[in-house]
């Protein structure tokens, strides 16, 4: 978390405005560009460095290669009292999944729970962005996605047929002490590998192995190996089930149909995601439940520590602290990222950040 | 899976009838006893050795200690189009959660998805028993429970505030090639530790550590340490979120309120679980989806192998093979288990298995 001398801080509103300028310059309507930009900047504010403005050059490359539809007609193609299936018409994933979250929240108000799936979407940033959306409505949120490139083989195999298929679960707590888990089903998310490569750092053992099963620690050689799932076969199992539910069930890509968006910028990705909103009031008295969540928070914190640890953290706690800091002091951008964004701005003829 | 010379095989119907005899003898109505017995025998048929008839002496001890209500009034206390909250009135968990599954399936027929939670329930056997129930209705199933004893501290701590909180996810495939994940959020389920202890075997490193962080491999010393979560902080995060959703949200025990059912046989456990049924037809054309699931199955199998592995397995595949074998040839019971069941039968004055 330390701010090094090679980094400068940028206000969140600067990130938002710059991102919106860039997206408008490549064809998004102003309102859509602003919505996407707000979510991208929020990802950075929350500390999801591998899923925020860092991805902007890649999004632009895909848009300019015809791989993303800048004027999508996002529509509901199946509808039930507690479910919907959206067709994202190959728009930016942020637009598709924020729409999906809105629908899920609206349906859960009367149904108690709602599950909304999407097909023909695209990479939408960090999972927790969407799982958090129901919190403001006193609902829990659950989001699952098919990752945008396969970096994981089935357990015991070497063919990369699975992605890191992430899950985020958000539960509302009192005084906004929400508990928010956001995790890949692999020991490391691929976004973290990309960050390591950009920073010229090595990866710890346990993140990746090569095709002979040996540890791979050079992130620039990531293409020669694959990520390791959490708990071995269990993480493989989770990645597989999440792919079936967020991909296959929605008529979205899964398995060999997943397009590697790091290397292919024009083929339709047909990305699938799902979001579930659970109305707390359908089960519990809301303030009482939120107090209970806060009690659980304090209870976990109260545990004596194992040798070598200096605190117990709750899922989302680190992110909430980063958020506070970055809202007050801005988002640190590495020199490499700053350079990439300047280059992008110059090429598009928009004002630099 | 090898059948040793110290094991004998028993027909599944023998397990069912014996279990029903035992449960009737301690006060369950015949119909309830048969329903529970059928689910317990099914757990054994599916290879969930730590969650089937192995648990019967413990269930009986709890019933005879007044810790389980043999004549529960299981009722819906909150109801929405896609949700329900059940109060299990401290009945056997199998009765509560099979009822919950029925309600979820019925609601998902019209709502598209349904989420049913339960409080005042008890240990209900393996998670996959309930996640599988929607399969016959062309639905996917998802089941989460708060485990019945805390064996897991928060990541970095030593206070055992969490259980192995398991999840099962079942997705229907063509020709009954369903994919069914059933996993604890720890590297090993506590039931497996109990099996190791009964068989006088040692545990592999990675299952448990002691309070100083050293590996613990003697299952008879299990009380001196705790289980390790999958993926370190990620497994802790999953166990925590599952506890909030299956426990706190339902008004059921979680955290320090969880009663250790291995050591306390009379205190109300207030066990919480949840089941979600997802109607495939609300998202996809059913036969097409099931074929897609089978394609994914074959695709995973097609991967070349990593050195040291001889096959790729799908979640639930091993269990399906065991099921076929045990339906045809019976369930192997270890001498120790056979002895425990004979002792139970003699004590209760019912016919031995």
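The values are calculated or read from the model by the stated rules, or taken from the named source; none is laboratory data. No experiment lies behind these values; they were computed from the predicted model shown. We place every Cβ from the backbone using ideal geometry, glycine too, and count neighbours over all the protein chains shown.
Any idea which of A:105, A:77 is in contact with a helix residue (DSSP H, G or I) (Cβ under 8 Å, 6 or more places away or on another chain) and either surrounded by 24 or more Cβ atoms within 10 Å (Cβ to Cβ) or in the same structural domain as residue A:273 (by TED's automatic domain parsing) (or both)?
Residue meeting the stated conditions: A:105.
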Check segment B:259-272 and report whether any residue there is in contact with a helix residue (DSSP H, G or I) (Cβ under 7 Å, 6 or more places away or on another chain), facing chain A (nearest Cβ under 7 Å) and in contact (Cβ under 8 Å) with a residue 60 or more places away in the chain. no
Residues of segment A:222-236 being at the interface with chain B (Cβ under 10 Å from one of its Cβ atoms) and in contact (Cβ under 8 Å) with a residue 12 or more places away in the chain, which ones? A:226, A:228, A:229, A:230, A:232, A:233, A:235, A:236
When segment B:36-71 is checked residue by residue, the ones that are farther than 24 Å from residue B:184 by Cα and either outside any loop (DSSP other than H, G, I, E, B) or without any contact (Cβ under 8 Å) to a residue 24 or more places away in the chain (or both) are B:60, B:61, B:63, B:64, B:69
Examine segment A:130-138 for a residue that is within 13 Å of another protein chain (Cβ to nearest Cβ) and in a strand (DSSP E or B), and state whether such a residue exists. no
Looking at the structure I just gave you, is residue A:342 within 25 Å of residue A:170 (Cβ to Cβ) and either more than 7 Å from chain B (Cβ to nearest Cβ) or without any contact (Cβ under 8 Å) to a residue 60 or more places away in the chain (or both)? no
Under the condition of being part of a loop (DSSP other than H, G, I, E, B) and more than 7 Å from chain B (Cβ to nearest Cβ), which residue from segment A:242-253 is farthest from residue B:140 (Cα to Cα)? A:253
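Within segment A:113-129, how many residues are within 24 Å of residue A:320 (Cα to Cα) and either at pLDDT below 95 or not in a loop (DSSP other than H, G, I, E, B) (or both)?
Of the residues in that region, 3 qualify.
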Could you tell me whether segment B:8-25 includes any residue that is surrounded by 22 or more Cβ atoms within 10 Å (Cβ to Cβ), assigned by TED's automatic domain parsing to the domain that holds residue B:335 and in a loop (DSSP other than H, G, I, E, B)? no
Scan of segment A:193-241 for residues that are within 30 Å of residue B:140 (Cβ to Cβ) and assigned to a helix (DSSP H, G or I), ordered by number: A:233, A:234, A:235, A:236, A:237, A:238, A:239, A:240, A:241
Within segment B:155-171, of all residues that are assigned to a loop (DSSP other than H, G, I, E, B), touching a helix residue (DSSP H, G or I) at 6+ places or on another chain (Cβ under 7 Å) and within 10 Å of another protein chain (Cβ to nearest Cβ), the one surrounded by the most Cβ atoms within 10 Å (Cβ to Cβ) is B:155
Somewhere in segment B:280-289, is a residue surrounded by fewer than 24 Cβ atoms within 10 Å (Cβ to Cβ), closer than 30 Å to residue A:160 by Cβ and more than 10 Å from every other protein chain (Cβ to nearest Cβ)? yes
